[in-house]
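Q: Here it is, the structure in full.
Quick note: the coordinates plus some simple rules give every number you see, no bench work behind them. What you see is a predicted model; the values in this text were computed from it and never measured. For neighbour counting, all protein chains shown are included, and Cβ atoms are generated from backbone atoms with ideal geometry for every residue, glycine included.
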Amino acid sequence: MTSRARFLGRVRAEMAKTRGLFPAAPARRPPDPIEAASLVRRRLAERWPQALGRFREEFERISGTFHRVNELEQVPGVIGRIAREREAGRAVTWSASALGWDPLPGLKREGLEAVAMPHESVGTDETGLREITASAEIGVTGTDLAIAETGSLVVFSGAGKPRSTSLLPAFHVAILGKRALVETLEQAGVILEALHRLEGSFTGGSITFVSGPSRTADIELTLTQGVHGPKEVHAIFVDSL
């Protein structure tokens, strides 16, 4: 047997240890994405508790940590506890406009040195902002979509919500409410298609799917977490959102 055949055999053997959770097939693009997205939202208005339960199950399956609170005012306390348990002292957040609320006063009461990204990038020192983000142990973002069947968080970059906030700190904390929940990847695709059709609804530079902590495997297929991104991902579900 050649070295190439042995190498490919080892790769196949390792991949065979973990099968896909569900069969995958291309989804048909809806003729009217806006109406299709509206139908998804109407169905989820009733089914969101079941979607949340599935999301939590799959999110924890891929090494995410799930938290649930009643009000936004309780979120800084959860982040403060995460920080103390990991001896972290610095946090960076999306802007208050991007999050829909200002977490900085609460985070500072928890003893964290917290900085929010500016909502407008015009005239800002982007290199300096990246350095601030890279030096923070905790990155706090919102969540644009949360996919139940895969436990994935979806975040859009844009004004006040740079991609680096979820990628550079060691601990990513994402805040979400029931509006972010979708049941399937297909539903997520419908929502994204509708946002692109609606003028001004999506102006971000990137869409990032976060499926648990950063993972990488070398050619030996040895899995390591947190090498090229956060080593922990936390989702805080807020009932009142």
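Q: What label, among (i) 12.4; (ii) 18.2; (iii) 15.7, belongs to mean projected area of the Cα convex hull in nm² computed from the structure on display?
A: (iii)
Q: Sorted by average packing, counted as other Cβ atoms within 10 angstrom per residue and highest first, what order do 109-117, 25-33, 91-99, 60-68 take?
A: 91-99, 109-117, 60-68, 25-33
Q: Next question. Cβ neighbours within 10 Å, averaged per peptide: list 181-187, 7-13, 71-77, 141-147 in order, most packed at the top.
A: 141-147, 181-187, 71-77, 7-13
Q: Among 50-57, 167-174, how do they line up from the highest to the lowest mean number of other beta-carbon atoms within 10 Å?
A: Values: 50-57: 18.2, 167-174: 22.8.
Packing proxy ranking, top to bottom: 167-174, 50-57.
Q: Sum up the charges of everything whose Cβ sits under 11 Å from the Cβ of L44, counting Lys and Arg as +1 and Asp and Glu as -1, but leave L44 out.
A: Net local charge, L44 excluded: +4.
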